[in-house]
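Accompanying notes for the structure given below.
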Amino acid sequence: MMLGGEGALTMNDGPLVVGSPEELRTLLHEAQRHVAASRVDARIPWTKTHVVASYQWSDNQRWATPGDIYSTQPNHTMPGLNLCVHQPLPGFARRVEATADIRNMLAQGYFPVGLPNGQQLMLIETPRTLRGGLAFTF
């Protein structure tokens with residue numbers, strides 16, 4: 001478990017009037033936010049399944065902090081609800097493993113910005129992703 005604060009990019013409420021990139025930059029500013037995170041790492045002995053689940057909460061939903069969305073390491077707590085499963089496949093002497101990695105399952109950190117023409121621009125801190133595959137150990 002973790003409690004803390006960190007600097008984050010936040011955005012003022014309200015729609016854009018002109019819709020220019022310069023106007024969008026004026027709505028963005030740095031501020032402090034409070035966060036709480038928890039992480040559970042478990043192995044199921046009879047199936048050899050490795051499961052990592054984490055959740056990171058913030059007191060402000062209109063924020064963005066840099067996250068490594070291409071990380072293959074499940075031990076970094078990312079915003080939102082995350083689940084990573086590694087399952088060795090039987091019959092391959094533990095040399096082949098199926099993996100599934102779901103990040104930001106609740107789509108947190110998505111905040112819309114209204115444009116003057118009625119459309120919305122969606123700013124996304126950490127996109128919801130689903131990755132899976134097979135890992136071979138040589």
Go through segment 31-51 and give me each residue that's in contact with an Asp or Glu (Cβ under 8 Å, 6 or more places away or on another chain), of a type in the set (A, V, I, L, M, F, W, C) and farther than 15 Å from GLU97 by Cα. VAL35
Which members of segment 50-91 meet the condition of being modelled with pLDDT under 75 and of a type in the set (Ser, Thr, Tyr)? THR65, TYR70, SER71, THR72, THR77
Inside segment 90-128, can you point out the residues that are in a loop (DSSP other than H, G, I, E, B) and under 23 Å from ALA37 (Cα atoms)? ASN104, MET105, LEU106, ALA107, GLN108, GLY109, GLU125, THR126, PRO127, ARG128
Neighbours by Cβ (under 6 Å, 6+ apart or cross-chain): first from segment 1-30, touching a residue at least 40 places away in the same chain (Cβ under 8 Å) and acidic (Asp, Glu); second exposed (fewer than 10 other Cβ atoms within 10 Å of the Cβ) and assigned to a strand (DSSP E or B): none
Need pairs with beta-carbon distance below 6 Å; first residue closer than 16 Å to THR49 by Cβ and within segment 91-106, second of a type in the set (D, E, K, R); sequence gap 6+ or separate chains. ASP101/ARG131
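The values are calculated or read from the model by the stated rules, or taken from the named source; none is laboratory data. Small disclaimer: the values here were computed from a predicted structure and weren't measured. Backbone-built Cβ (ideal geometry, glycine too); neighbour counts: all protein chains shown.
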